[in-house]
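Chemist: This is the structure I want to talk about, given as structure tokens.
The values are calculated or read from the model by the stated rules, or taken from the named source; none is laboratory data. What you see is a predicted model, and the numbers here were worked out from it, not measured in a lab. Don't worry about glycine lacking a Cβ; one is built from the backbone with ideal geometry, like all the others, and counts go over all protein chains shown.
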Amino acid sequence: MRALARRAACAVLVSAIPALSGCGPSLDEQARRLGHQPFSRQAWAVADQVKRGAMTASLFAQHPPVTQTAQGLRDLLGPPTGYFDYDENLAYVVGPTSIASRYAQGYLLVFMVDKASGKITSARFEPPVN
């Protein structure tokens with residue numbers, strides 16, 4: 001009985017390691033799960049949040065986040081449509097409204113910005129797209 005309990009506890013720890021270590025679908029994989037629409041500044045400007053979600057894979061392919069600045073992304077995507085933790089982080093609500101989080105009805109596409117340089121340091125979906 002003790003060995004069975006030990007094996008069960010070990011299985012729980014092993015299954016938790018990927019979540020704790022940040023392993024999971026990449027940003028690009030998550031974006032592809034939202035759809036496959038070509039990105040353009042003009043299309044993004046008139047799209048609803050579902051269509052914007054479907055454009056994120058194309059957006060990342062054309063404009064990799066860590067090669068951008070906050071001002072460059074604002075020029076490309078327009079004003080943020082969401083908020084994430086600090087004013088300098090850019091956040092856009094994308095994807096289906098059936099996804100609920102403490103931030104939005106939909107996924108929040110977050111671009112983390114280095115306050116000193118204005119450069120994008122990373123991007124992520126909140127919550128992650130599963």
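Chemist: With the checklist (1) under 17 Å from Lys51 (Cα atoms); (2) surrounded by 20 or more Cβ atoms within 10 Å (Cβ to Cβ); (3) at pLDDT 95 or above; (4) out of contact with any Pro (no Cβ under 9 Å at 6 or more places or on another chain) in hand, flag the one item Leu108 doesn't pass.
Modeler: Going through the list (1) under 17 Å from Lys51 (Cα atoms); (2) surrounded by 20 or more Cβ atoms within 10 Å (Cβ to Cβ); (3) at pLDDT 95 or above; (4) out of contact with any Pro (no Cβ under 9 Å at 6 or more places or on another chain), Leu108 breaks only (4).
Chemist: From Thr121, Thr97, grab the single residue that is assigned to a loop (DSSP other than H, G, I, E, B), in contact with a strand residue (DSSP E or B) (Cβ under 9 Å, 6 or more places away or on another chain) and in contact (Cβ under 8 Å) with a residue 40 or more places away in the chain. Before the answer, list the steps.
Modeler: Details: Thr121 fails: assigned to a loop (DSSP other than H, G, I, E, B).
Matching residue, one of Thr121, Thr97: Thr97.
Chemist: Now for a separate question. Going through Glu126, Glu88 one at a time, which residue ends up being surrounded by 15 or more Cβ atoms within 10 Å (Cβ to Cβ) and acidic (Asp, Glu)? Talk me through it step by step, then tell me what you get.
Modeler: Values: Glu88 fails: surrounded by 15 or more Cβ atoms within 10 Å (Cβ to Cβ).
Answer to the check: Glu126.
Chemist: In addition: Looking at Ser122, Ser101 in this structure, which one is modelled with pLDDT under 95 and either in contact with a helix residue (DSSP H, G or I) (Cβ under 6 Å, 6 or more places away or on another chain) or of a type outside the set (A, V, I, L, M, F, W, C) (or both)?
Modeler: Values: Ser122 fails: modelled with pLDDT under 95.
Result: Ser101 is the single residue among Ser122, Ser101 that is modelled with pLDDT under 95 and either in contact with a helix residue (DSSP H, G or I) (Cβ under 6 Å, 6 or more places away or on another chain) or of a type outside the set (A, V, I, L, M, F, W, C) (or both).
Results for (1) under 21 Å from Asp28 (Cα atoms); (2) β-branched (Val, Ile, Thr), shown as yes or no for each residue.
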position: Thr69; (1), (2): yes, yes
position: Gly72; (1), (2): yes, no
position: Tyr86; (1), (2): no, no
position: Val93; (1), (2): yes, yes
position: Ile99; (1), (2): yes, yes
position: Tyr107; (1), (2): yes, no
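Chemist: Given the criterion among the small types (Gly, Ala, Ser) and within 12 Å of Leu109 (Cα to Cα), identify the matching residue among Gly82, Gly78. Walk me through it before giving the result.
Modeler: Working: Gly78 fails: within 12 Å of Leu109 (Cα to Cα).
So the residue among Gly82, Gly78 that is among the small types (Gly, Ala, Ser) and within 12 Å of Leu109 (Cα to Cα) is Gly82.
Matching residues to (1) outside any helix (DSSP H, G or I); (2) of a type in the set (A, V, I, L, M); (3) touching a helix residue (DSSP H, G or I) at 6+ places or on another chain (Cβ under 8 Å); (4) modelled with pLDDT of 85 or more:
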| position | (1), (2), (3), (4) |
| --- | --- |
| Val12 | no, yes, no, no |
| Ala19 | no, yes, no, no |
| Pro38 | yes, no, yes, yes |
| Ala43 | no, yes, yes, yes |
| Leu59 | no, yes, yes, yes |
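Chemist: With the checklist (1) outside any helix (DSSP H, G or I); (2) closer than 28 Å to Cys23 by Cβ; (3) of a type in the set (D, E, K, R) in hand, flag the one item Asp87 doesn't pass.
Modeler: Evaluating Asp87 over (1) outside any helix (DSSP H, G or I); (2) closer than 28 Å to Cys23 by Cβ; (3) of a type in the set (D, E, K, R) leaves (2) as the failure.
Chemist: Inspect the stretch 40-60 for any residue being of a type in the set (Ser, Thr, Tyr) and under 16 Å from the mean Cα position of the chain (by Cα) and give the result as yes or no. Quick ask: steps written out before the conclusion?
Modeler: Here is the first cut: in the stretch 40-60, the ones of a type in the set (Ser, Thr, Tyr) are 40, 56, 58.
Now restrict to residues that are under 16 Å from the mean Cα position of the chain (by Cα): 56, 58.
Scanning the stretch 40-60 turns up at least one residue that is of a type in the set (Ser, Thr, Tyr) and under 16 Å from the mean Cα position of the chain (by Cα).
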